[in-house]
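Worksheet: the structure to be examined is printed underneath.
The values are calculated or read from the model by the stated rules, or taken from the named source; none is laboratory data. None of these values were measured; they are calculated from a predicted model. Heads up, the Cβs are rebuilt from the backbone with ideal geometry, glycines too, and the neighbour counts pull from every protein chain shown.
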């Protein structure tokens, strides 16, 4: 334990130097907790071969080699290894994308170094650093308190005790009362903390060290796909078994039919669906992060597309959070020239934590016009000895300063709150009693200016002789400062997008209801009721549920009111996105379907409780994230529909050919090569489609809507039948015409591969016609198509591979037949879009 007596006082005032930090980083390492063990590339590769069907396939190919089919056996094993490599590459790609996103949400801490206040990544904290804490901060290292103002810490994650603990300054030997720990949160007050332990040496680190592995939880979407995969797996296994029996009964060799049926099962069962979903989610999340919306957990992407309500803070989200003083009310009149009396100017400087260019935007605006020397001189002359910090509940801040032998109390806050605490008013240096009538006159002035969209702060002060007196009573009202926070230019368009997308935006603000209404009108918010916190207090939860969908603005709201709003909307089966930045917003952020914290102004507690972080605090970014969420979910549907339609077609081709009395149209090598060519890159390409233009003109999908609906199953059935008919036609006609089984199989193989590659192009949109969305607009799809054709042609035109695959080179007439038949499913897909639009009203 650090001995406080041996530490120089200079450290407390200036913090460590850059050189000392470097030395300590080398000595103690980064302030990070151990992570669970990660799989190596070799382990990932080995895991690709743990699938039961793959094991059977490998065993069957080895037996085949023993019985003389050595080339087939080697090629089958080579294809299996190629698929395994592809699986590892896809897995690594997903992990890399998620790691990049994770780095964007790395927690930060405020420290004192080289005499300057700096915000640094929490991983760079070292022992003897000076941490500066305030309400909402997550404490990122163990330490002892060396200075505090009303510091209360939530230690429930370590102790299980939910009541916040009061912390005091360590004066000698540190006790529990003055220690703070990594992972706990500041719920109230401020503090200066000397770091004693970091990383693995913290109390939390000792606990984390005992946990050797972390288990990755599956998202609801992955669970749903697992269930679909299992159902189809059982169905395809049964069909594969039937194919084996039919082939054997019709005279096929047992080993050949075993290889054929197992290869069919391997190609048809969509065991890779969850992996592709993870990749698409991860890549989509990374793309969203580049647009300033950082998703903290993958299920949030699934929920984004279903959002029906966006409950947004006003300041900084709808506005720029760049406050400017427009006018000042003082001495009974409003002035626009900032000719402010010394007493009011003094209050604006003292009841203020900001410096000229650092701090809260509102507080910066209050001193922006004042000379730096005057700010420094005033704060030195009237030394602050105590304070009552601003909270969203109290809506005010009060500071106490030395004033000769007495003490000066200065308060600022919401107009009605400060007027309620004031007994007197200063007018032209004369202090007179403040009557109820005068208070109402002042409140009328507030409402008149709030209607112009101005934010109004009231100031009051008084002198007391001792600190035992009531601090915030009988104040002297000094005046109002009227400020304007410019609207974000892009927000109005975002509100329009919400309307067309079936999403209702709601404003939640601590501002005066008239100010909030004026801003909502300017932004073209939907018409609706304005409700205040006081009115909410008198309404039961049941009554709130009845009226909540009619409310557009919640004004003068306490953070804990947000929880009631979320719960009321959820009782109406709405899917709610709720924004927040403070420590008291955490319950609402956790409860909301999508909790959205602010990246610039948000506390670490709010970020921890949220599903998404807006790096630019912008409402338009949130709306854009909803669009991206809808796009990702729709793309997942696209490649699932594509994979299932292709895989079902492959099974149907084999099953119906044998049922009709024909030999298997495809060999095991065909099936496995087909799986390699059509199941990987085209599916990924569909997952990378850009969002369709009309995506934000559709209503949100249902909260409990399945990944695949009746609408999507109709597409799967239509396309499966189309691909099956085209392939069987090519096989049967060729077999009857020539009697050459290898030639017929080659045609079936080529029709199936090309039709599935073309099917991917049509699958880029469920409603949009291919010529409208642009044939070549998805570059990865173009690459997938060319790559697939090259792999297909290699098995046809490279003699060695042609021999191994038992293919033949098609004639010109056969090539035209192949092209015609392979295009048939694409044409049917495009025409069926017209029918589906009429039937489903899409």
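How many residues are out of contact with any strand residue (DSSP E or B) (no Cβ under 8 Å at 6 or more places or on another chain) and surrounded by fewer than 20 Cβ atoms within 10 Å (Cβ to Cβ) if we restrict to the stretch 284-301? Before you say what the answer is, go through the steps one by one.
Filtering the stretch 284-301 down to residues out of contact with any strand residue (DSSP E or B) (no Cβ under 8 Å at 6 or more places or on another chain) leaves 284, 286-287, 290-291, 297-299.
Going one step further and asking which of them are surrounded by fewer than 20 Cβ atoms within 10 Å (Cβ to Cβ), we end up with 286-287, 290-291, 297, 299.
Total meeting the criteria: 6.
Run down 530, 506 and say which single residue is touching a strand residue (DSSP E or B) at 6+ places or on another chain (Cβ under 6 Å), surrounded by fewer than 20 Cβ atoms within 10 Å (Cβ to Cβ) and either outside any helix (DSSP H, G or I) or at pLDDT below 90 (or both).
Details: 506 fails: surrounded by fewer than 20 Cβ atoms within 10 Å (Cβ to Cβ).
Among 530, 506, only 530 is touching a strand residue (DSSP E or B) at 6+ places or on another chain (Cβ under 6 Å), surrounded by fewer than 20 Cβ atoms within 10 Å (Cβ to Cβ) and either outside any helix (DSSP H, G or I) or at pLDDT below 90 (or both).
Which residues, taken from the stretch 404-423, are surrounded by 17 or more Cβ atoms within 10 Å (Cβ to Cβ) and in a strand (DSSP E or B)?
407, 408, 409, 410, 411, 412, 413, 414, 422
Of the residues 717, 723, only one is surrounded by 14 or more Cβ atoms within 10 Å (Cβ to Cβ) and part of a helix (DSSP H, G or I); which?
723
Can you tell me how many residues in the stretch 319-374 are out of contact with any helix residue (DSSP H, G or I) (no Cβ under 8 Å at 6 or more places or on another chain), assigned to a loop (DSSP other than H, G, I, E, B) and buried (at least 19 other Cβ atoms within 10 Å of the Cβ)?
1
Got at least one residue in the stretch 584-594 being touching a helix residue (DSSP H, G or I) at 6+ places or on another chain (Cβ under 9 Å), outside any helix (DSSP H, G or I) and more than 30 Å from residue 362 (Cβ to Cβ)?
yes
Count, please, the residues in the stretch 656-693 that happen to be assigned to a helix (DSSP H, G or I), more than 13 Å from residue 731 (Cβ to Cβ) and either in contact (Cβ under 8 Å) with a residue 12 or more places away in the chain or not assigned by TED's automatic domain parsing to the domain that holds residue 808 (or both).
18
Just a yes or no: is a residue in the stretch 99-107 modelled with pLDDT of 75 or more, surrounded by 20 or more Cβ atoms within 10 Å (Cβ to Cβ) and either over 25 Å from the mean Cα position of the chain (by Cα) or not in a helix (DSSP H, G or I) (or both)?
Within the stretch 99-107 (the criterion being modelled with pLDDT of 75 or more, surrounded by 20 or more Cβ atoms within 10 Å (Cβ to Cβ) and either over 25 Å from the mean Cα position of the chain (by Cα) or not in a helix (DSSP H, G or I) (or both)), the answer is no, since none of the residues qualifies.
Among the listed residues 622, 615, identify the single one that is more than 26 Å from residue 793 (Cα to Cα), surrounded by 24 or more Cβ atoms within 10 Å (Cβ to Cβ) and in contact with a strand residue (DSSP E or B) (Cβ under 7 Å, 6 or more places away or on another chain).
On the way: 615 fails: surrounded by 24 or more Cβ atoms within 10 Å (Cβ to Cβ).
Step by step, each of 622, 615 is checked, and only 622 is more than 26 Å from residue 793 (Cα to Cα), surrounded by 24 or more Cβ atoms within 10 Å (Cβ to Cβ) and in contact with a strand residue (DSSP E or B) (Cβ under 7 Å, 6 or more places away or on another chain).
Being farther than 30 Å from residue 230 by Cα, assigned to a loop (DSSP other than H, G, I, E, B) and touching a residue at least 40 places away in the same chain (Cβ under 8 Å) narrows it down to one of 579, 601, so name that one.
601
List pairs: first in the stretch 246-263 and more than 18 Å from residue 660 (Cβ to Cβ), second part of a loop (DSSP other than H, G, I, E, B), Cβ under 7 Å, 6+ apart or cross-chain?
255/67
Considering the stretch 443-468 alone, what residues qualify as being buried (at least 21 other Cβ atoms within 10 Å of the Cβ) and assigned to a helix (DSSP H, G or I)?
446, 449, 450
Please determine whether any residue of the stretch 746-764 is in a loop (DSSP other than H, G, I, E, B) and on the phi > 0 side of the Ramachandran plot.
Step one: filter the stretch 746-764 for residues in a loop (DSSP other than H, G, I, E, B), giving 763-764.
Okay, now just the ones that are also on the phi > 0 side of the Ramachandran plot, so none.
No - not one qualifying residue is present in the stretch 746-764.
Answer yes if at least one residue in the stretch 151-167 is at positive phi, surrounded by 15 or more Cβ atoms within 10 Å (Cβ to Cβ) and in the same structural domain as residue 23 (by TED's automatic domain parsing), and no otherwise.
no
Any residue in the stretch 743-766 that is in the same structural domain as residue 639 (by TED's automatic domain parsing), closer than 27 Å to residue 669 by Cβ and surrounded by fewer than 16 Cβ atoms within 10 Å (Cβ to Cβ)?
No, every residue in the stretch 743-766 fails to be in the same structural domain as residue 639 (by TED's automatic domain parsing), closer than 27 Å to residue 669 by Cβ and surrounded by fewer than 16 Cβ atoms within 10 Å (Cβ to Cβ).
Out of curiosity, is residue 84 out of contact with any strand residue (DSSP E or B) (no Cβ under 7 Å at 6 or more places or on another chain), farther than 26 Å from residue 34 by Cα and either at pLDDT below 70 or assigned to a helix (DSSP H, G or I) (or both)?
yes
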